[in-house]
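So the structure is just underneath, and the comments pick up after that.
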Ligand SMILES: Cc1cc2nc3c(=O)[nH]c(=O)nc-3n(C[C@H](O)[C@H](O)[C@H](O)COP(=O)(O)O)c2cc1C
Ligand code: SF4
Ligand code: SF4
Ligand code: FES
């Protein structure tokens, strides 16, 4: 197994043993259970879990091993050379039956009313091995709390979890997963002996961002989620394999659906060790409700006399044709642009780009709806960094891991778990550097909170530490000092506010590490000066040779951000890609290319007049909401396709209902560049169509078919995906410019936009379960800060920037300890982007208490 | 200063050179570091640290034949030698002072009355295994022990027996006094480790053994208070001297906590191999049975060990003899029951304890002890059914040897022996819905 705890047992790499007369050779460190399973011998288990440390608690997995006087638990016994194991002797069977008898003593046997019925390990094992009669002649123990009104011990312990302690068999998988895999302590075991119970920690709710997994791994019906329970029996559903649409890892999932109702009932994991280890973030688990919600757009809308009214598809398409043609004829196709969501599938994204480029000869298109001032082309260090190869599973076997400018728990939950795993199971050394404290730090050897706006200086300081301490052998290292300012560790450390000694420890770890994973994240991508920081990172990479002994990358953020890059949805695709596109389409438009920001500026100047948005919501997500709105309002014609009516569709002349990812089959490229397929689970609801079909329908109206067939489309995509889009590292050290950071008088706090750990982007607000975890925006700040403003948890706070203000409740942070505030961007009711200025490095704000 | 009023044979120890553990326990000044030093205290620690190599100490303790006094009787020197020599991780020594085994109250006497002896023994053991931070995990209810130890540790720092650069050798050693979580299971060494780490006190599966991966996954040695308190004497007077005490295979002295229906319950330090009957009847020790009644049976090594019947009492108190008699030395808590005791009632009290204290981790112990309590409870209450004895035996068999930690075994071994020795009495209870003996004697 990839994640054995103790690989250094030495000696040979394998052991050979006999199980039920069969000889089997397995890697050293395998347990007897794993060895048996590897040759198809099934041993029952309750408490064993492939991704958790064995505890040997339930004792159902007994085997007999010759020369061992007692029965052994196979899940916790390491296979040794020459062992002779029996899994089915009378002694084993008796032992197993005794355990089942013990477990069933106080088990309610309420299978007919239990939601786990049909997929319960206990039910299954009892049928296979149990006694058909009970020797237990006592009243079964019943858990009851004073405030319970029914005889069922149904207890809500979290926004989405119901606990029934009577059914619990105390395998401790939930508690262990919470602790070992997620680092959460909101669930625990209480009391002792046979009244031991699982419960929420006193005064707390089980509401961590991975809480849904606890339900999934519970072998019985002790933990159930509210979205699924009592809605349908598992045997009445069918499953469809799919991919999470709200993470860039492309976590593998299964939809449980019912065809007649055309409805999804729940999501479970579809374990893929290379990607997700079988753990799902709650966002992944509950975001199917974005599709099943009743608020979906039903029909196309057309603006008539200033009001959007329902229309037929045919009417809508006709209007689109007429209006876009008018613009094309009057002003030229290049006055038409588009913005597509990076969560769309390959086919939709590719059709989008092809439509705009081929029909209108326009290079004014982008897939980036939320990052200010992104470069339009790839001739820059940021793009180099973003194009580097990365393996999620590669995090596991790194001995040194650095997370920089990222709050993994809010951006990359899957990778967050991997980092924890590397620490818990492989004892990797973790270093966390960010302008504010993040939760990843609780597995970190060192957490470095550098001063706001000094990201590049911090990285320079790490380089300088390596030079001054003579830690690296890079031949041209002497050149580096000329490219960076300041040029001594002491000065750089002082500027970024991290102790030089601390920086030296990290530099030493980077130098000594055998395999280093360096992850940069959204704080870099989001930052206006990303190019400066990326340049510093290129130097860091060169100095320590990180890419040669590991991996360094800025991680893609959305389900198909990588697909968008690899299919050329940006204004200026990578040169290699352009060449291929030119071949496929026999020519490419050579008109001016604009990124999102430039497009918005030119809309405002009325130089872009027609615009198509697919799945994106720039009004909600792009900095400076007023500016975005004004720009879009200046358009002559705006088409928006989305699942819902949004702030952006409100401005549209035509709104088209878009199908969600579960409603069509599609491919997505995850942050590793791995192409994954999501099957169609539902028929598109109401009158929605997938993006690629909508584009084909529009193209039809222009009598310029995009593709002669699906096969043609797919073969074009295949050709593009073969192009290597990795950009070469710079030849030598590069100059790291000095950033100009505006200070805003009277606005002393730095605001960082974020996602709530239960939300991602603008759509998850439609998923009820996720809203149950968090349904409202907040401002999160350090306790000390709050006290300085005389604020308490829950107080209404006025948050002001030079250009706007919002009023949000205060949340006191468990992690933050400096002068920053975090505000989630996921809530329509509190549009934080109205506070952000387009061209700023730091978003300065001030706060005040709102009088009651 | 407060003393728990417990009878000891300290007076005998003052006269008898061999009884080293109890020599000063009736001296109310002994808790003060000055007195302890005047009595030769901390000489062994100084000797060990300034003139012996760690390996030499381990050898010496191995040679002495000292075995763990916490219950399992594992050879102490050998345990220490399991610490990996080349591990870069820190090592930890933990003194197990969670003393909660019913009947056992010897560690408390040592901690309350001779705390520096415990610290000194710990220091030597710590040095022997290369530990620079040691812990004593004291049962939460033992307020006086905790205060005593905290005071003593402060004194030891002030007198530079602990802290930095001890005796100018460059060796640093710190000590932490930790108040326990208040559960019997926290005395089990792996549950203790969890508890000390701030987790729920639940046993861990072995391997890995604590010596390889213990506290914070670092090499760790857990030893009982009495075990560690014996170490300074071995260092001072040598392993050869220690071997002259006790029997060939069970060397040294041992404190027995005598309780139950005896006239003089108390703690008695005797050489291993001491006769059980003598311990119970000799006026210098137990002084005979309350009301001069007959003995029914004895638990010789704490509530977790099998009963000895009245006709088995002519046995010597050492590891081998007791094993031969079908029981165990355990923690050395001798509990005596006289003829009027209802065995079913005794077992009900015991199984209630184990059911309540089971950590809840493994199925057989958690569920089995609960079921046993219910079956035994109904027999005791006059509701026993035919077949109940066989059912108890079967359930016991499904627990014995099937659990993570020895608590499961501890819960069933006394039951199995009680059925073996007094089966007729169990049967009578079931058949006649009442007790064979006249009274249910509430013992103090
Ligand atoms: C349920 C249970 C409770 C125990 N309680 C104690 C205790 O209170 N004190 C103690 O020293 N050992 C106790 N032990 C034994 C310890 O696990 C361990 O063996 C001992 O501390 C080792 O020290 P020693 O080698 O010096 O005897 C207990 C064991 C079990 C299974
Ligand atoms: S609630 Fe479920 S997962 Fe948790 S211990 Fe009980 S049975 Fe196991
Ligand atoms: S035997 Fe009992 S006390 Fe020991 S681990 Fe199992 S349940 Fe816990
Ligand atoms: S599966 Fe092995 S003890 Fe539970």
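The values are calculated or read from the model by the stated rules, or taken from the named source; none is laboratory data. Remember, it's a predicted structure, so these values are computed and weren't measured experimentally. Here the Cβ positions follow ideal geometry from the backbone for every residue, glycine too, while neighbour counts run over all protein chains shown.
Quick notes on this one:
- Filter pass, residue A:618 being outside the structural domain of residue A:249 (by TED's automatic domain parsing) and farther than 25 Å from residue A:766 by Cβ: no
- Filter result for residue A:178 (within 12 Å of ligand 2 (Cβ to nearest atom) and within 14 Å of chain B (Cβ to nearest Cβ)): yes
- Residue in region A:30-45 that is within 16 Å of ligand 3 (Cβ to nearest atom) and outside the structural domain of residue A:396 (by TED's automatic domain parsing) present: no
- If you go through region B:48-73 and keep only what is out of contact with any helix residue (DSSP H, G or I) (no Cβ under 7 Å at 6 or more places or on another chain) and part of a loop (DSSP other than H, G, I, E, B), you end up with B:52, B:53, B:71, B:72.
Yes/no matrix, rows are residues, columns are (1) surrounded by fewer than 24 Cβ atoms within 10 Å (Cβ to Cβ); (2) over 24 Å from residue B:56 (Cβ atoms):
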| site | (1), (2) |
| --- | --- |
| B:181 | yes, yes |
| B:200 | yes, yes |
| B:217 | yes, yes |
| B:221 | no, no |
| B:230 | no, no |
| B:237 | yes, no |
| B:240 | yes, no |
| B:256 | no, yes |
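- When restricted to residues that are in a helix (DSSP H, G or I) and either buried (at least 21 other Cβ atoms within 10 Å of the Cβ) or more than 14 Å from chain B (Cβ to nearest Cβ) (or both), region A:88-99 contains 4.
- Restricting attention to region B:341-359 and to residues that are closer than 21 Å to residue A:196 by Cα and either facing chain A (nearest Cβ under 7 Å) or out of contact with any helix residue (DSSP H, G or I) (no Cβ under 8 Å at 6 or more places or on another chain) (or both), the residue that is surrounded by the fewest Cβ atoms within 10 Å (Cβ to Cβ) turns out to be B:349.
- Total residues in region A:58-74, condition more than 10 Å from chain B (Cβ to nearest Cβ), buried (at least 20 other Cβ atoms within 10 Å of the Cβ) and part of a loop (DSSP other than H, G, I, E, B): 2
Here's the yes/no breakdown for (1) in contact with a helix residue (DSSP H, G or I) (Cβ under 6 Å, 6 or more places away or on another chain); (2) within 10 Å of ligand 1 (Cβ to nearest atom):
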{"position": "B:221", "(1), (2)": "yes, yes"}
{"position": "B:224", "(1), (2)": "no, yes"}
{"position": "B:238", "(1), (2)": "no, no"}
{"position": "B:244", "(1), (2)": "no, no"}
{"position": "B:247", "(1), (2)": "no, no"}
{"position": "B:250", "(1), (2)": "yes, no"}
{"position": "B:254", "(1), (2)": "no, no"}
{"position": "B:257", "(1), (2)": "yes, no"}
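- Scanning region A:185-203 for residues that are more than 14 Å from chain B (Cβ to nearest Cβ) and without any contact (Cβ under 8 Å) to a residue 40 or more places away in the chain, we see that the one that is farthest from ligand 3 (Cβ to nearest atom) is A:203.
- If you go through region B:360-396 and keep only what is facing chain A (nearest Cβ under 7 Å), surrounded by fewer than 24 Cβ atoms within 10 Å (Cβ to Cβ) and closer than 21 Å to residue B:420 by Cβ, you end up with just B:391.
- Criterion: surrounded by fewer than 18 Cβ atoms within 10 Å (Cβ to Cβ) and not assigned by TED's automatic domain parsing to the domain that holds residue A:440 - qualifying residue of A:156, A:167: A:156
- Restricting region B:164-198 to residues that are more than 14 Å from chain A (Cβ to nearest Cβ) and part of a loop (DSSP other than H, G, I, E, B) leaves a set whose member that is nearest to residue B:143 (Cα to Cα) is B:180.
- Verdict on residue B:201 being away from ligand 1 (no atom under 11 Å from the Cβ) and either within 14 Å of chain A (Cβ to nearest Cβ) or in a loop (DSSP other than H, G, I, E, B) (or both): no
- Condition check for residue A:85: part of a strand (DSSP E or B), without any contact (Cβ under 8 Å) to a residue 24 or more places away in the chain and either more than 16 Å from ligand 1 (Cβ to nearest atom) or touching a strand residue (DSSP E or B) at 6+ places or on another chain (Cβ under 9 Å) (or both): no
- Pick from region A:129-158, criterion away from chain B (no Cβ under 14 Å) and at pLDDT 85 or above, ranking: nearest to residue A:769 (Cα to Cα): A:158
- For region A:699-729, a tally of residues being in a helix (DSSP H, G or I) and closer than 19 Å to residue A:585 by Cα returns 14.
- Within the option set A:108, A:44, being more than 9 Å from chain B (Cβ to nearest Cβ), surrounded by fewer than 21 Cβ atoms within 10 Å (Cβ to Cβ), within 16 Å of ligand 4 (Cβ to nearest atom) and in contact (Cβ under 8 Å) with a residue 24 or more places away in the chain holds for one residue only, A:44.
- Members of region A:163-204 that are closer than 21 Å to residue A:140 by Cα and in a strand (DSSP E or B): A:163, A:189, A:190, A:197, A:198, A:199
- Any hit, region A:507-523, residues being within 17 Å of residue A:434 (Cα to Cα) and without any contact (Cβ under 8 Å) to a residue 60 or more places away in the chain: yes
- Residue satisfying condition, being away from chain A (no Cβ under 14 Å), in contact (Cβ under 8 Å) with a residue 24 or more places away in the chain and more than 16 Å from ligand 2 (Cβ to nearest atom), within set B:121, B:77: B:121
- Where strands (runs of 3 or more DSSP E) fall wholly inside region A:775-832, the ranges with 3 or more residues that are over 19 Å from residue A:207 (Cβ atoms) are A:796-801, A:804-812, A:820-824.
- Qualifying residue in region A:651-665 (condition: under 27 Å from residue A:372 (Cα atoms) and free of Cβ contacts under 8 Å to residues at least 60 places away in the same chain): yes
- Verdict on residue B:431 being over 26 Å from the mean Cα position of the chain (by Cα), part of a helix (DSSP H, G or I), more than 16 Å from ligand 1 (Cβ to nearest atom) and more than 10 Å from chain A (Cβ to nearest Cβ): yes
- Under the condition of being more than 16 Å from ligand 3 (Cβ to nearest atom), outside any helix (DSSP H, G or I) and either within 14 Å of another protein chain (Cβ to nearest Cβ) or within 17 Å of residue A:56 (Cα to Cα) (or both), the residues counted in region B:209-230 number 3.
- Every listed requirement among (1) under 25 Å from residue A:417 (Cβ atoms); (2) crowded, with 24+ Cβ neighbours inside 10 Å; (3) more than 13 Å from every other protein chain (Cβ to nearest Cβ) is met by residue A:37 save one, (2).
- For region A:692-747, filtered to residues that are surrounded by 13 or more Cβ atoms within 10 Å (Cβ to Cβ) and touching a strand residue (DSSP E or B) at 6+ places or on another chain (Cβ under 7 Å), the residue that is farthest from residue A:572 (Cα to Cα) is A:747.
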